[in-house]
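Read through the structure below, which is laid out as structure tokens, and then see the notes.
The values are calculated or read from the model by the stated rules, or taken from the named source; none is laboratory data. Only a predicted model underlies this, so the values are computations on that prediction, with no experimental measurement involved. Don't worry about glycine lacking a Cβ; one is built from the backbone with ideal geometry, like all the others, and counts go over all protein chains shown.
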């Protein structure tokens, strides 16, 4: 893929309904897949939040999502 193809920092795709995942225990629902552009590792949290239902359609949504991103990033940094 590479930078020339992937212009965004992160892409998150929800798992299709009934997508086969034999590697997961029964009852565990896969969230989906996250693709990161090289050098954009911090965007993993952003993509994960999208899979959990967060978005940035409205300003209030964007503010809530950014607050959650900062909170999770701080938790990650302090746990190292």
- [ ] Please verify whether the stretch 67-77 includes one or more residues that are in contact with a helix residue (DSSP H, G or I) (Cβ under 9 Å, 6 or more places away or on another chain), in a loop (DSSP other than H, G, I, E, B) and exposed (fewer than 14 other Cβ atoms within 10 Å of the Cβ).
- [x] no
Open item on the list: Report every pair of residues separated by at least 6 positions or lying on different chains whose Cβ atoms are under 6 Å apart, first residue within the stretch 15-28 and farther than 18 Å from residue 52 by Cα, second assigned to a loop (DSSP other than H, G, I, E, B) and at pLDDT 85 or above.
Closed with: 21/30
Open item on the list: Return the pair list, or none, for Cβ contacts closer than 8 Å from residues in the stretch 48-70 that are at negative phi to residues that are exposed (fewer than 13 other Cβ atoms within 10 Å of the Cβ) and part of a helix (DSSP H, G or I), at least 6 apart or on different chains.
Closed with: 54/61; 55/61
